[in-house]
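Worksheet: the structure to be examined is printed underneath.
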């Protein structure tokens with residue numbers, strides 16, 4: 001058993017959410033400051049563990065007023081709950097590159113069991129630069145994780161009624177997380 005550690009690269013990892021707006025279209029938002037760790041034995045992927053932390057204070061939808069409203073107590077309440085976390089500890093390989101990762105998602109201080117459908121996008125060696133110096137190639141892996149949650153389950157319950165029926169924001173929210181992870185170098189004995 002060789003456990004490898006992969007660290008999410010925040011500059012190339014982002015969470016996105018999508019909810020119906022006014023029952024006629026979708027609004028998308030991004031959270032780009034995502035940190036995480038994947039520990040996995042390539043021979044036994046079902047024993048993997050994943051942890052992620054999302055900075056909810058950096059929500060971006062392209063409209064500053066809406067972003068401020070999302071950060072308020074009506075929605076994310078970032079003053080009291082600036083981060084969201086996910087700890088996945090049950091992994092099921094559904095097919096070759098498809099996995100189901102179940103774990104605890106915490107939003108606004110409320111924790112619920114959630115399953116993400118994860119697609120493994122592959123891995124490759126790429127250059128690694130730090131402070132203008134080439135440190136040699138680093139192994140990277142890509143993943144896309146998707147789920148659908150009911151925002152009310154996490155205490156995100158603000159809404160308003162539209163004149164002709166329906167509500168301003170749907171209860172169900174689609175969540176996608178695109179991850180680029182970098183393999184931790186293996187230390188060799190001198």
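Please treat every number below as a calculation from the coordinates, not as lab data. Note that the coordinates shown come from a computational prediction; the quantities given were computed from them, not determined experimentally. With ideal geometry, Cβ positions are generated from the backbone for all residues, glycine too; neighbour counts draw on all protein chains shown.
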Q) If you bin every alpha carbon distance in the stretch 4-183 into 10 Å steps from zero, what whole percent lands in each bin? A) 9, 35, 31, 18, 6, 1, 0
Q | Alpha carbon convex hull of the stretch 68-129, volume per residue in cubic angstrom | A | 153
Q. What is the packing order of peptides 171-178, 90-97, 13-20, 107-114, taking the mean over residues of other C-beta atoms within 10 Å and listing the highest first?
A. 13-20, 171-178, 107-114, 90-97
**Q.** Computed FRET value (nearest 0.05) for residue 63 with residue 94, which takes r as the C-beta separation and R₀ as 35 Å
**A.** 0.40
Q) Pulled fully out, how much extra length does the chain show between residue 174 and residue 102, if you take 0.36 nm times their separation in residues and subtract their Cα-Cα distance? A) 24.3 nm
(Q) Given an 8 Å cut-off on Cα distances and at least 6 residues of separation, report the relative contact order of the chain as a percent. (A) 23
Q | Linear extension gain, residue 87 paired with residue 153, 0.36 nm per residue minus alpha-carbon span | A | 22.0 nm
